[in-house]
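The values are calculated or read from the model by the stated rules, or taken from the named source; none is laboratory data. Model, not experiment: these values are computed from the prediction. Positions of Cβ are generated from backbone atoms using ideal geometry, with glycine treated the same way; all protein chains shown enter the neighbour counts.
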Amino acid sequence: MTTTRSAPLPPQRPAGAPSGGPAPRRLWLVPVLTAVLTAVLAVAGAGTARHLANGGYTATGTESARAERLLADRYGLGTPDVVLLARARGGVDAPAARAEGLRLVHRLARSPGVASVHAYWTDGDPVLRSADGRRALVAADLAGADRDAARTAKALVPGLTGRHGPLDVSATGPAQVSVEAVATSHRDLVRAELVAAPVTLLLLVVALRSVVAALVPLMIGGVSVVGTLALLRLLALVTPVSVFAVNLTSALGFGLAVDYGLFLVTRYREELRAGHAVTEAVARTARRAGRTVAVSACAVALSMSALLVLPLPFLRSMACAGMAVALFSAAAATAVVPPVLALLGTRVDRGDPLTLLYGLRRGRAVRPPRPDSPVWRAVARHVTGRPLLCGTACAAVLLLSAWPFAHARFALPDERILPAASQAHRTAREIRQAFATPAERTVTVVLPDTDPVRDRAALAAYGRRVAALPSVARVRPVVPVRAHGAILLVTGPAQPQSPAARALVADVRALPAPGGRRLVTGRAALLADTRSAVGARLPLAGAVVAGTTWLMLFLLTRSVLLPVKALVIGALSMGASFGATVLVFQGGHLRGLVGGFTVTGALDLSMPLLMFAIAFGLAIDYEIFLLSRVREQYLRTGDNRLAVVEGVARTGRLVTTGALAVAVVTGALATSGVTVLKLLGTGLATAVLVDAVLVRGVLVPAYLTVAGRANWWLPAWLARPPGARAGALRGRHRAGRRRPGLVGAPRRGRPSPQIVDASTTKR
């Protein structure tokens, strides 16, 4: 038997090495540099929480804001940053308690960072003593901005609270609330990351059927979280940033980065299965999916930018943080994922759990995952077969879910956003119960041009008129010692967010005051002014969202009506989450599902605005993923219904998996002990799930089917290239070379050779 030696095979290119592209070791520079940059960002972002602060929930430039500034600057009577509650069993007037109280006050007044101190033992003000005589208050104004006051409170309060001889002291106040909110949110962030990361990895492995492919989006998510902390640290240098920005933007950045990485990986694997080489598959993925990711990130950032026009510092800081995080996540995904995919090559499909569980054990071959979803294809066919029925039913469900929001009531956040067992919450609750005039009931009237001696009679008459107003329990004049002017402290309704409290503020402002000028502030006035200021700017914010989103989608789809549809349906999809937040957090229903919190009977005024900006941006994000594929199929086939079915089938699994990942990350916020984060987490998780399932799976396909060729309508004057002559355009139109999706559409069911996807044309 003779044997023949075969000719040696030519050296094979390593699996996954891109032919005609850069050498693999050059590609390795990208993940290496990414790791180095991530380490640098981690160092830069360390300790970010120390530079953040609570506050910024009231409008700037209003009458009540000017009054607050005047009270602090001229009279030294601004809202205290720290309030100490001292308890004495034998009464606060006992010699031992008084002596210890005076020592406590003098120690606080001499501490660095303390601007002024008002206490029962030094001022003798009966308002600072409880009705039973066993409790007294010490109020301290701290120097600097909110974050400076929080730093001072963090250093001072531990040494001032606890047992001091006969006194038992605890603390509350805005600065102490900020300190406790930072500590609580940090613990919540660590817990959320420990839960969200493994659950997200499991979702990605199940959806992609590859451990290797699942690790790529997760890696980008980790880079985004580290970059988010560094970005917040940078923002804190130029503008106050909320203590809750770390939790919210980390969740948003991780969710967006996973979405973008998932979209790129899914498209790359689809290009490989279409028979393209690794190099070509990476190039096509970067060109097509990369463009979609960039547009999507811009849409999210533009949605967040609407918050910049609202006069709330809290929302402005969150807008800056959210915009930076969205753009950073997209930049990280588009810069890192393509080189990583080129390095992985066909190895991106390795680690299929079904192969490991069944194929190896039973010796059976497991078919590779399909690029489309059979379930979503069946749903799309059913919806497009009965578009009016399915679309109307879905819209009715969304409108019914939004109905509770029509009964929403709004308030300003206070210490009740913290867990009930926290020191600041417990102390404030005790003060509210033990003292006759809690601070939130007080409406303060500042008369800066009134002379208490010269205008004594007019001031007394004015006080009587104020006391005669409805809902007024007491009027107490305060004569400043070292400054010109007069102050009236008006005790109003127990609930500052009630209609009676708003009416009292309006009635006081309507009364003519001695000296002519008067400024009204207090919790009820701050809420009324903030509501009014936000309401005045809402149309502008809505115009920013609508205009920028329409323009982005128009540039993507080259359609006039599709962006309008996206705006209307995107706003409609918010209904379920808004209704859920009212039922749970305002009404207290089903609160056991999200853990315990204090039900105040109202929602924080800024939270629905922030939730809408983020959720609407995510809704447009998924809209872009779907419309880009529908348009691509329509340009290929010219059949509108077929394009809708194919688009839903190709993106259904992707959008659902991405929404589940975002819901896991934002839903982890619902486990927070801080009510603000709990509300945002619950609302955002509800919004993305409803949008991914009902809106993208039913409502949007139904509309696209009903609209038909109108989806792709574009006026001829918008389709004309700049500078082109009308005669040349008419000649090209007569020749049948119209640009697809711009002026008219190809004949149904027949691909047109003249249809070219502008995103893939070589220039």
For this session: Look at residue 68 and say whether it is in contact with a strand residue (DSSP E or B) (Cβ under 9 Å, 6 or more places away or on another chain), crowded, with 18+ Cβ neighbours inside 10 Å, among the charged types (D, E, K, R) and under 23 Å from residue 479 (Cα atoms).
Result: yes
For this session: Within the range 273-302, count every residue that is more than 16 Å from residue 555 (Cβ to Cβ) and touching a helix residue (DSSP H, G or I) at 6+ places or on another chain (Cβ under 6 Å).
Result: 7
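For the range 539-548, name all the residues that are in contact (Cβ under 8 Å) with a residue 24 or more places away in the chain and within 17 Å of residue 611 (Cα to Cα). Show your work before the answer.
Let us first name the residues in the range 539-548 that are in contact (Cβ under 8 Å) with a residue 24 or more places away in the chain, namely 540-542, 544-545, 548.
Listed by number, the residues that qualify are 541, 542, 544, 545.
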Exercise. Taking interchain pairs and intrachain pairs at least six residues apart, which have beta carbon atoms under 8 angstrom, with the first residue in the range 206-219 and over 17 Å from residue 270 (Cα atoms) and the second in a helix (DSSP H, G or I) and of a type in the set (Gly, Ala, Ser)?
Worked result: 218/197; 218/261; 219/261
Exercise. Just checking, how many residues over the range 642-692 are under 26 Å from residue 630 (Cβ atoms) and basic (Lys, Arg)?
Worked result: 2
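Out of 384, 427, report the one residue that is farther than 20 Å from residue 601 by Cβ, outside the structural domain of residue 651 (by TED's automatic domain parsing), touching a residue at least 12 places away in the same chain (Cβ under 8 Å) and crowded, with 20+ Cβ neighbours inside 10 Å. Write out each step before concluding.
Numbers: 384 fails: outside the structural domain of residue 651 (by TED's automatic domain parsing).
Within the list 384, 427, the selection yields 427.
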Exercise. So is residue 451 closer than 21 Å to residue 489 by Cβ and in a loop (DSSP other than H, G, I, E, B) or not?
Worked result: yes
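Looking at the structure I just gave you, is residue 615 touching a Leu at 6+ places or on another chain (Cβ under 7 Å) and farther than 24 Å from residue 568 by Cα?
Details: touching a Leu at 6+ places or on another chain (Cβ under 7 Å): yes; farther than 24 Å from residue 568 by Cα: no.
No.
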Exercise. Taking residue 421, is it in a loop (DSSP other than H, G, I, E, B) and either surrounded by fewer than 14 Cβ atoms within 10 Å (Cβ to Cβ) or charged (D, E, K, R) (or both)?
Worked result: yes
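The rows are residues; the columns are (1) in a helix (DSSP H, G or I); (2) modelled with pLDDT of 90 or more; (3) buried (at least 24 other Cβ atoms within 10 Å of the Cβ); (4) within 19 Å of the chain's Cα centre (by Cα).
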site	(1), (2), (3), (4)
190	yes, no, no, yes
193	yes, no, no, yes
199	yes, yes, no, no
206	yes, no, no, no
214	yes, yes, yes, no
218	yes, yes, no, no
221	yes, yes, yes, yes
226	yes, yes, no, yes
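Looking at 669, 684, which one is within 30 Å of residue 259 (Cβ to Cβ), surrounded by 14 or more Cβ atoms within 10 Å (Cβ to Cβ) and at pLDDT 90 or above?
Values: 669 fails: at pLDDT 90 or above.
The conditions single out 684.
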Problem set entry | Selection count, the range 619-647, where residues are within 18 Å of residue 563 (Cα to Cα) and among the β-branched types (Val, Ile, Thr) | 4
Exercise. Got a number for residues in the range 259-287 being charged (D, E, K, R) and closer than 25 Å to residue 546 by Cα?
Worked result: 1
Problem set entry | Scan of the range 559-613 for residues that are within 20 Å of residue 667 (Cα to Cα), free of Cβ contacts under 8 Å to residues at least 40 places away in the same chain and in a helix (DSSP H, G or I), ordered by number | 591, 592, 593, 612
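Just a yes or no: is a residue in the range 274-284 over 18 Å from residue 660 (Cα atoms), surrounded by fewer than 24 Cβ atoms within 10 Å (Cβ to Cβ), in contact with a Pro (Cβ under 6 Å, 6 or more places away or on another chain) and not hydrophobic (A, V, I, L, M, F, W, C)? Before the answer, list the steps.
Keep residues of the range 274-284 that are over 18 Å from residue 660 (Cα atoms), which gives 274-284.
Narrowing further to those that are surrounded by fewer than 24 Cβ atoms within 10 Å (Cβ to Cβ): 274-277, 279-280, 283-284.
Narrowing the set further to residues that are in contact with a Pro (Cβ under 6 Å, 6 or more places away or on another chain) leaves 279.
Next cut, not hydrophobic (A, V, I, L, M, F, W, C) only: 279.
Checking the range 274-284: at least one residue is over 18 Å from residue 660 (Cα atoms), surrounded by fewer than 24 Cβ atoms within 10 Å (Cβ to Cβ), in contact with a Pro (Cβ under 6 Å, 6 or more places away or on another chain) and not hydrophobic (A, V, I, L, M, F, W, C).
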Exercise. Within the group 200, 184, 161, which residue is more than 17 Å from residue 417 (Cα to Cα) and not assigned by TED's automatic domain parsing to the domain that holds residue 114?
Worked result: 200
